[in-house]
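The values are calculated or read from the model by the stated rules, or taken from the named source; none is laboratory data. Because the structure is predicted, anything quoted here is derived from the model rather than measured. When we count neighbours, we look across all protein chains shown, and the Cβ atoms used for this are built from the backbone with ideal geometry, even at glycine.
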Amino acid sequence: MKFLLILLALLIIEAAVFLKYGFLLFGVFFIILLIYFRPAMDKIVYTLGIIILFAGLFGSYLGIPGNENLFLFRILIPIHLILLCVSHTHILERVYHVRAFFILFLLFIMSMLITFFWTPSFSESFRYLYFLFEWLYILFLCVYSLPGKRELRTFCNLMVVFYMLMLALGCVESITGYHLPQSGSLYYLTTTSKFQPTGFQFNTNDFASVLTIFFPLVVIQVLKYPRKNIRVIVAGIIVVATVFLTIMTYSRMAMLVLGIQLLILLFSWVRSYIVLILYALLTGFLFSSTFYNFSTLSRLEQIISTSFTDKGTSTLERLQMYQASWKFIQESHYLGLGAGILPVKLDNYMYGFERLSGNYWAPHNYWLEAFANGGIIAILWIASFFIYYFYASISYWIKKACGAEASIPLLIGIAFVGASIALSSTIDKRHLAIGIGIGISILNIYFFKKRKCQTYDDC
């Protein structure tokens, strides 16, 4: 019943994307829950938490018409927080074994809060801190809502549904040139934008990061389905579609990340024959490319080549932004410019003058942005957070004999690192926070029952 309720909520989310006032459907949904099903408060909190996570993936498509920045995800967070505080007394117990992650992230937020003493813009700093709060709450929500095997399996099954919907939408975009109303491909004036997929994101690079950060979770979950023939076919379709759409985004970093993920998964599945399999795949690819003229294959090869060799202007611009960011870091004596101030400074630097409105230039590097905004203290805390994450992920993977299922937290972390230097901005990307939160949730289950569980399916 719990799965059916969450599936109904997910279907309502998908339907609401295409309706002008679709968010009102959720009021009807909760009324149905309260009147007919009369669920316990903890079930309402759990269901609401899952809805919040998936609503974050749809973003402004579930926003209030005329004010897309106020969307369902942000409306439900305070409601969930209030219900959580008044109904549950076991909050700390569920996050206790991964408390180090939350302590480090809270210290990162506090280091940003200190910069309010010298920030030149309280509005920009407050905006930045709000995004950090969203990140923190998403991490907490993942750990709290997915405390064990059953909840994690339910979430993964729903993620498979969402991922396949996203793949279908991306393929339609790449083949037909049709895009949803808020897709950036409708506004970019480039020769390739018409057929670059964006899914439920605005930017095509954001879409590529969504594909890579959830790819290992979805593939592993599909391969755990009971019917072997069907699961292999579905997993193959997901892999092919993900590779195709990632190439169509022209995102160099996403292609590299996906290649690394596939290699690690291949290594985890067939460690003894990895060299022979890679040799066979490479030989087959070269043979087909040489003797057969597949137009689609040739087109994909051309896109890959263009992505890595024909972005000189973009690369030079990024290098210029990195140099400017480092210059600002030095000028602040490594104490930080103030939370959220680097994009404003970069805008003035790149344009050569201060604009009255729209003065925001994304730094395209999460680590430099954190360093420039919060100083050396902030970068130390957030670096410690991710170092600890990778340490726990690698330890978990090695202890489970480098199994594919145990590699999920590590592969999610690799996808985040790629996105942190590929996307224009990372702090406002909720799908990245959800990905890291899922990774921490899996590690939480592993730490919480580490003496009894071999994998999270045994919990």
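Observations, loosely collected:
- Residue ID - surrounded by the most Cβ atoms within 10 Å (Cβ to Cβ), chosen from residues in region 208-236 that are part of a helix (DSSP H, G or I) and among the basic types (Lys, Arg): ARG231
- Condition check for THR190: farther than 19 Å from LYS429 by Cβ, surrounded by fewer than 16 Cβ atoms within 10 Å (Cβ to Cβ), modelled with pLDDT under 85 and out of contact with any Leu (no Cβ under 9 Å at 6 or more places or on another chain): yes
- Every residue from region 418-430 that is assigned to a helix (DSSP H, G or I) and either under 16 Å from LEU139 (Cα atoms) or free of Cβ contacts under 8 Å to residues at least 24 places away in the same chain (or both): ARG430
- Some residue of region 377-390 being assigned to a helix (DSSP H, G or I), more than 17 Å from PHE102 (Cα to Cα) and not polar (S, T, N, Q): no
- Inter-residue pairs, beta-carbon under 8 Å, first farther than 27 Å from ALA383 by Cβ and in region 79-106, second charged (D, E, K, R), 6+ apart: SER87/ASP42; HIS88/ASP42
- Any hit, region 375-392, residues being closer than 16 Å to ILE264 by Cα and either surrounded by fewer than 23 Cβ atoms within 10 Å (Cβ to Cβ) or touching a residue at least 24 places away in the same chain (Cβ under 8 Å) (or both): yes
- Applying the criterion of being among the small types (Gly, Ala, Ser) and not in a loop (DSSP other than H, G, I, E, B) to the residues of region 169-187, the residue that is surrounded by the fewest Cβ atoms within 10 Å (Cβ to Cβ) is GLY184.
- Inter-residue pairs, beta-carbon under 8 Å, first under 18 Å from VAL210 (Cβ atoms) and in region 165-192, second of a type in the set (D, E, K, R) and at pLDDT below 85, 6+ apart: LEU165/GLU14; GLN182/GLU68; SER185/LYS194
- Hits in region 406-415 - residues which are within 16 Å of MET255 (Cβ to Cβ) and surrounded by fewer than 23 Cβ atoms within 10 Å (Cβ to Cβ): ILE414
- Flag if ILE79 is of a type outside the set (Asp, Glu) and modelled with pLDDT of 90 or more: no
- Restricted to region 68-122, and to residues there that are polar (S, T, N, Q) and under 25 Å from the mean Cα position of the chain (by Cα), the residue that is farthest from TYR446 (Cα to Cα) is ASN69.
- Condition check for ILE445 on (1) surrounded by 15 or more Cβ atoms within 10 Å (Cβ to Cβ); (2) among the β-branched types (Val, Ile, Thr); (3) at pLDDT 90 or above: one failure, at (3).
- With a requirement of 3 or more residues that are at pLDDT below 85, in contact with a Cys (Cβ under 8 Å, 6 or more places away or on another chain) and over 27 Å from LEU211 (Cα atoms), none of the helices (runs of 4 or more DSSP H) lying completely within region 260-374 satisfies it.
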